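Student: First the structure, which I've put down as structure tokens, then a few questions once you've had a look.
The values are calculated or read from the model by the stated rules, or taken from the named source; none is laboratory data. Source: prediction; values computed, not measured. Heads up, the Cβs are rebuilt from the backbone with ideal geometry, glycines too, and the neighbour counts pull from every protein chain shown.
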Amino acid sequence: MQEELSQPYDVKLIKLSTGDNLKLDYLEINPMGKVVPALKHGDTVITEAAAICTYLADEFPGAKLNIPIGTPRRGVYLKWLFFGPSCIAPAVIDRAAPRKEEARRGMLGYGYFEIVMNVVAQAVAGRG
Amino acid sequence: MAEHFTAADVIVGANIRWGLMFKMIPPRQEFIDYAARIAARPAAYLDFIEPPFMADPVAVVVRKGAGFAYAEWRDLKGRKGVTNASESYGDKFDAYMAKELSVARAEGVDKAFAALLARQADYLIIGLYPGRDEARRLRIAGKIAFLPKEILSSAMYVAFSKKSKCGALQAAFAGAIKTAADDGQVRQLLQAANKAPSH
């Protein structure tokens with residue numbers, strides 16, 4: 001995202017193999033201790049990839065990576081921004097590491113893996 | 001998403017490229033075409049160099065003297081395993097591990113090795129090369145053994161940053177990588193690194 005914005009930034013790496021993401025220093029930034037990135041911009045700290053991308057796209061409108069408020073396409077844009085962490089990632093991870101007991105149909109927030117794949121395929125091909 | 005690149009493509013593009021690379025989503029033509037478009041964007045950040053320069057095997061580690069015959073995944077059934085919490089070994093083995101095996105997740109490599117040595121697990125799953133290096137770092141190399149048959153193996157690539165001033169050298173670099181992989185230089189370097197003390 002930073003590369004698309006062409007804004008200067010610093011990267012601080014977290015070493016997962018030694019559990020740096022669970023140490024106090026990092027937990028103060030992101031109490032979830034997750035692998036997802038954390039962003040500090042001025043006095044603002046943001047975690048969660050979709051929130052970071054939404055924030056940056058709105059904060060730097062010159063890069064034209066957002067659909068501004070008041071534009072009809074803003075709704076569809078927000079849907080796809082949050083579709084990744086809400087539907088694609090959980091569907092893919094659930095399939096890779098299946099539960100010992102299968103969840104009841106309709107219980108999962110993303111719905112069904114095959115439908116998620118079909119919907120995304122249509123969208124990225126410009127048909128959705 | 002197709003006509004105007006937005007922040008949504010940064011998110012979905014990362015999901016699709018990552019999913020294809022780790023074979024966690026079906027290789028549908030729509031995804032392959034989209035991934036190629038994303039790869040050309042600054043967001044992709046890296047250009048991967050073909051061919052892969054080495055294999056990255058995933059190994060089964062046991063306490064020295066407590067090995068067992070391992071030839072295929074099902075030989076791990078009925079034993080207690082451990083692996084690092086943040087590791088994934090591809091969709092097939094991850095799925096097999098979740099469904100058929102009893103593998104605990106330790107918070108970090110140190111704790112995973114500690115569980116093995118404390119007999120809380122019969123085996124540890126870890127990448128062969130990082131596993132050897134971590135064992136030397138922890139000074140436990142003499143207490144463990146890597147079983148000869150690997151669980152699986154993935155291709156490893158060198159990548160150039162799109163910002164690299166050396167981008168024009170990619171084709172020549174790819175040729176040199178191929179030569180080094182084909183004539184055994186990479187294998188020799190790995191063997192030498194395996195004998196060197198940990199740093």
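Student: Any idea how many residues of the stretch A:103-128 are over 16 Å from residue B:8 (Cα atoms) and either polar (S, T, N, Q) or away from every other protein chain (no Cβ under 11 Å) (or both)?
Tutor: 12
Student: Another question, if that's okay. Can we say residue B:12 is touching a Gly at 6+ places or on another chain (Cβ under 9 Å) and away from chain A (no Cβ under 11 Å)? Write out each step before concluding.
Tutor: Working: touching a Gly at 6+ places or on another chain (Cβ under 9 Å): yes; away from chain A (no Cβ under 11 Å): no.
Considered against the rule, which asks whether it is touching a Gly at 6+ places or on another chain (Cβ under 9 Å) and away from chain A (no Cβ under 11 Å), residue B:12 comes out as no.
Student: Okay, moving on. Looking at the stretch A:97-114 only, could you name the residues that are surrounded by 12 or more Cβ atoms within 10 Å (Cβ to Cβ) and under 20 Å from residue B:32 (Cβ atoms)?
Tutor: Keep residues of the stretch A:97-114 that are surrounded by 12 or more Cβ atoms within 10 Å (Cβ to Cβ), which gives A:97-98, A:108, A:110-113.
Answer for the stretch A:97-114, where residues must be surrounded by 12 or more Cβ atoms within 10 Å (Cβ to Cβ) and under 20 Å from residue B:32 (Cβ atoms): just A:113.
Student: Can you find a residue in the stretch A:25-45 that is buried (at least 17 other Cβ atoms within 10 Å of the Cβ), assigned to a helix (DSSP H, G or I) and within 11 Å of chain B (Cβ to nearest Cβ)?
Tutor: no
Student: Please state which one of B:113, B:68 is under 21 Å from the mean Cα position of the chain (by Cα) and among the aromatic types (Phe, Trp, Tyr). Spell out the reasoning first.
Tutor: On the way: B:68 fails: under 21 Å from the mean Cα position of the chain (by Cα).
Exactly one residue qualifies, and that residue is B:113.
Student: Here's a follow-up. Is there a residue being in contact with a strand residue (DSSP E or B) (Cβ under 6 Å, 6 or more places away or on another chain) and within 29 Å of residue B:189 (Cα to Cα) anywhere in the stretch B:69-80?
Tutor: Yes; the residues of the stretch B:69-80 include at least one that is in contact with a strand residue (DSSP E or B) (Cβ under 6 Å, 6 or more places away or on another chain) and within 29 Å of residue B:189 (Cα to Cα).
Student: Based on this model, can you work out whether residue B:19 counts as at the interface with chain A (Cβ under 8 Å from one of its Cβ atoms), buried (at least 17 other Cβ atoms within 10 Å of the Cβ) and either closer than 30 Å to residue B:120 by Cβ or out of contact with any strand residue (DSSP E or B) (no Cβ under 8 Å at 6 or more places or on another chain) (or both)?
Tutor: Values: at the interface with chain A (Cβ under 8 Å from one of its Cβ atoms): yes; buried (at least 17 other Cβ atoms within 10 Å of the Cβ): yes; either closer than 30 Å to residue B:120 by Cβ or out of contact with any strand residue (DSSP E or B) (no Cβ under 8 Å at 6 or more places or on another chain) (or both): yes.
So residue B:19 passes the test.
Student: Residues B:33, B:47, B:75: which one is of a type outside the set (Ser, Thr, Tyr), more than 18 Å from the chain's Cα centre (by Cα) and part of a strand (DSSP E or B)?
Tutor: Details: B:33 fails: part of a strand (DSSP E or B); B:75 fails: part of a strand (DSSP E or B).
Every option except B:47 fails the conditions.
Student: So, restricting to helices (runs of 4 or more DSSP H) that lie completely within the stretch B:103-199, which ones have at least 3 residues that are over 22 Å from residue B:46 (Cβ atoms)?
Tutor: Values: elements: B:109-117, B:128-137, B:170-182, B:185-195.
Qualifying helices (runs of 4 or more DSSP H): B:109-117, B:128-137, B:185-195.
Student: Moving on to the next point. For the stretch B:102-116, does any single residue satisfy the condition of being loosely packed, with under 15 Cβ neighbours inside 10 Å, over 17 Å from residue B:75 (Cβ atoms), out of contact with any strand residue (DSSP E or B) (no Cβ under 9 Å at 6 or more places or on another chain) and not assigned by TED's automatic domain parsing to the domain that holds residue B:22?
Tutor: No.
Student: While we're on this one: Which residue is modelled with the highest pLDDT, if the candidates are limited to the stretch B:30-65 and must be under 24 Å from residue B:176 (Cα atoms) and in contact with an Asp or Glu (Cβ under 6 Å, 6 or more places away or on another chain)?
Tutor: Filtering the stretch B:30-65 for residues that are under 24 Å from residue B:176 (Cα atoms) and in contact with an Asp or Glu (Cβ under 6 Å, 6 or more places away or on another chain), the one modelled with the highest pLDDT comes out as B:57.
Student: Spot the failing condition for residue B:108; the list is (1) within 11 Å of chain A (Cβ to nearest Cβ); (2) touching a Phe, Trp or Tyr at 6+ places or on another chain (Cβ under 7 Å); (3) farther than 16 Å from residue A:97 by Cβ, and only one is missed.
Tutor: Status for residue B:108: all satisfied but (2).
Student: Still on this structure, I have one more. Which residue pairs have Cβ atoms closer than 7 Å, lie 6 or more positions apart in sequence or on different chains, and pair a first residue in the stretch A:31-46 that is farther than 14 Å from residue A:58 by Cβ and of a type in the set (A, V, I, L, M) with a second residue that is in a loop (DSSP other than H, G, I, E, B) and modelled with pLDDT of 90 or more?
Tutor: Listed pairs, sorted by first residue: A:36/A:48.
Student: Restricting the stretch B:59-92 to residues that are among the acidic types (Asp, Glu) and within 14 Å of chain A (Cβ to nearest Cβ), which is nearest to residue B:107 (Cα to Cα)?
Tutor: Applying the first criterion (among the acidic types (Asp, Glu)) to the stretch B:59-92 yields B:72, B:75, B:87, B:91.
Of the ones still in play, those that are also within 14 Å of chain A (Cβ to nearest Cβ) are B:87, B:91.
Working: B:87: 10, B:91: 21 Å.
Looking at the filtered set, the residue picked out is B:87.
Student: When residue B:48 is evaluated against the numbered criteria (1) in contact with a helix residue (DSSP H, G or I) (Cβ under 8 Å, 6 or more places away or on another chain); (2) touching a residue at least 60 places away in the same chain (Cβ under 8 Å); (3) outside the structural domain of residue B:129 (by TED's automatic domain parsing), which criterion, by number, is the only one it fails?
Tutor: (1)
Student: Same structure again: Out of A:28, A:59, I need the residue that is in contact with a His (Cβ under 9 Å, 6 or more places away or on another chain), without any contact (Cβ under 8 Å) to a residue 40 or more places away in the chain and of a type outside the set (Ser, Thr, Tyr). Which one? Please lay out each step first, then the result.
Tutor: Details: A:28 fails: in contact with a His (Cβ under 9 Å, 6 or more places away or on another chain).
Of the residues listed, the single one that is in contact with a His (Cβ under 9 Å, 6 or more places away or on another chain), without any contact (Cβ under 8 Å) to a residue 40 or more places away in the chain and of a type outside the set (Ser, Thr, Tyr) is A:59.
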